[in-house]
Amino acid sequence: LPKLKGTFWVAENGDCVDVPPLDFASLEQLFAQAAPKTAAAAKASASAGAPAAAAKPKQVSLIDGKRGHNVSILMGGKIKIPPAELRAAVLSLDPRAVGNEESVAALMQCIPSADEAAALEAYVRSGKPASDLADPDRVLLEMQSIPYVEARLRCYAHKFAAPHKLNSASQVFEAVCKATESIRKSRVFKTVLRTVLAAGNYLNHGTRNGNAIGFRLRNLPKLADTRSTTSNTSLLQVLAVEVTRMLQPEDMDGEEEKKDGNPGPGCVVLADELAAVLDPMLKVPSEEASKMLASAEAALVEMQEALAALLPNTPTKIISSSYKPPQTPTHAASPTKATPNGDVSSGSLPSTPAQQQQQQQQ
C-alpha cells in the first residue's frame, strides 16, 4: 500500500483500517440486482399471475383517416360535445353547438358525404354496435341521424350572416343618401360650380367652348392641371381664393382673411357642408351593397323553404320572392358644352350674356 501511506485509509502501522460491522445481509436484501428473466420465464410468470383483464376491443373506422383526423380536430377545438350528446344538442339549439358562426361552420363540415352515409348505414344494418365505432365515425353517424341536418345548419348559419350583410348594405346606402343630400343642399358647392363655369366661359371666350351652360362633374379634377402662364399657380387655387372671397361674411373686411389664403373666422367652406361626402362607407361600391342585399334575400328565402319543410302545416311567409334590392339613383348627365379648358362640349345653343347672368343668380 505504498500509494495510500499517510492517507486516511491506512493505519499508522501501515495496515488497512478495520471494516465497520455492517449488516451485510440487510444490504444485500435491499440493493441486490435481480437476475434478468428469459423470454420463456417471463411468459410463464405472466400466465401464472392473476388473470389478465379483457383486452379492449379495437375501434372500427369506416371513413378516411385524414377525414377522421379533421373531424376530431373540429370536435375538440370548436364544439367540444361528446358524440352521444351531439344529436340532442343540435335539435335543442344548444349554444355549445349553434351558439356562434364558427361552431355552425364546424358542424357543417361534419355532415357525412353520400359514400360515408352509405357505409355507416350498412354498418348499422349489420347489427354491429355503434359503440365499436371510432369517435369521428360516431360523430358522422349522429349527424346523419338528425332530420334535415344540412338545411337546419344552413338556417343557423344565416342567422349570423344575414344580419351582418343587411347592416353593411344599409350603412352604404345611408351614406350615399346623406352625401347626395348634402351636395344637393350645399350653398358653397353651388357657388363653386357657378364660379368654375363663369371662369371657363371667360377663358374660352371667342371659341366654340366659350359660352357653355354647364359641364360634367368628372372634369372638375382637371382644374388642377390648368396652370398660370406667369407662375406655377393652378386654376383650382385661383378659383378657391375667389370662392372664399365671395363667401366671406358681410361684416368682415378683407384684412381679417388669413395671409395664407385660408378663409377667415365665420366663413363656411366645403368641408363644413359636405362632411357626409367623407364617410368611409362611400368607398364600398353600391353594386357590392346590392349584392349583399340580394344574398340576404336569398338566405331568407332559403330559411322560408326549410321551415316549410320542417313545419308543413305552419305559415312560414317571410319575404316575397318579388322583392328587388334598391338601386342607387342615377341621374342622366345634361348636355354640356365646355369646361374651363374646353374638354367637354354641349349640343345646346349658346346663351346670351343676359342669360348667363340670370343662370348665375339662380
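For the reader, a short list of remarks on this structure follows.
- Number of positions in segment 197-216 that are touching a residue at least 12 places away in the same chain (Cβ under 8 Å) and assigned to a helix (DSSP H, G or I): 6
- Residue in segment 149-162 that is part of a loop (DSSP other than H, G, I, E, B) and more than 30 Å from GLU288 (Cβ to Cβ) present: no
- Selection count where residues are out of contact with any Pro (no Cβ under 9 Å at 6 or more places or on another chain) and either open to solvent by 60 Å² or more (accessible area, probe 1.4 Å) or modelled with pLDDT of 90 or more (or both), scope segment 66-81: 4
- Members of segment 281-298 found to be free of Cβ contacts under 8 Å to residues at least 60 places away in the same chain, assigned to a helix (DSSP H, G or I) and either crowded, with 17+ Cβ neighbours inside 10 Å or of a type outside the set (D, E, K, R) (or both), listed by number: ALA294, GLU297, ALA298
- Scan of segment 300-324 for residues that are open to solvent by less than 50 Å² (accessible area, probe 1.4 Å) and modelled with pLDDT under 50, ordered by number: ILE319
- Of the residues in segment 139-147, none is of a type in the set (Gly, Ala, Ser), closer than 30 Å to ALA299 by Cβ and at pLDDT below 90.
Yes or no, residue by residue, for (1) within 29 Å of THR180 (Cα to Cα); (2) among the basic types (Lys, Arg); (3) at pLDDT 85 or above:
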residue: THR195; (1), (2), (3): yes, no, yes
residue: ALA198; (1), (2), (3): yes, no, yes
residue: TYR202; (1), (2), (3): no, no, yes
residue: THR229; (1), (2), (3): no, no, no
residue: GLU256; (1), (2), (3): no, no, no
residue: SER295; (1), (2), (3): yes, no, yes
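- Residues of segment 163-193 satisfying the condition of being polar (S, T, N, Q) and either assigned to a helix (DSSP H, G or I) or at pLDDT 90 or above (or both): ASN167, SER168, SER170, GLN171, THR180, SER182, THR191
- Members of segment 82-130 found to be within 27 Å of the chain's Cα centre (by Cα) and among the aliphatic types (A, V, I, L, M), listed by number: VAL90, LEU93, ALA97, VAL98, VAL104, ALA105, ALA106, LEU107, MET108, ILE111
- Exactly one residue among LEU86, LEU107 is closer than 20 Å to VAL60 by Cβ, of a type outside the set (Val, Ile, Thr), surrounded by 14 or more Cβ atoms within 10 Å (Cβ to Cβ) and free of Cβ contacts under 8 Å to residues at least 60 places away in the same chain, and that residue is LEU86.
- Filtering segment 193-230 to residues that are among the aliphatic types (A, V, I, L, M) and open to solvent by 30 Å² or more (accessible area, probe 1.4 Å) leaves LEU193, LEU197, ALA198, LEU203, ILE213, LEU217, LEU220, ALA224.
- Where a residue in segment 135-160 is farther than 15 Å from SER113 by Cα and its partner, wherever it lies, is of a type outside the set (A, V, I, L, M) and open to solvent by less than 40 Å² (accessible area, probe 1.4 Å), with Cβ under 7 Å and at least six apart: ASP135/PRO83
- Matching option when the condition is of a type in the set (A, V, I, L, M), modelled with pLDDT of 85 or more and closer than 30 Å to PRO163 by Cα, among ALA276, ALA224: ALA276
The values are calculated or read from the model by the stated rules, or taken from the named source; none is laboratory data. Treat the numbers as computed from the prediction; the structure is a model and nothing was measured. We place every Cβ from the backbone using ideal geometry, glycine too, and count neighbours over all the protein chains shown. Only protein heavy atoms, including side chains, enter the accessible area calculation; ligands, DNA and RNA are left aside. Shrake-Rupley method; radii C 1.70, N 1.55, O 1.52, S 1.80 Å.
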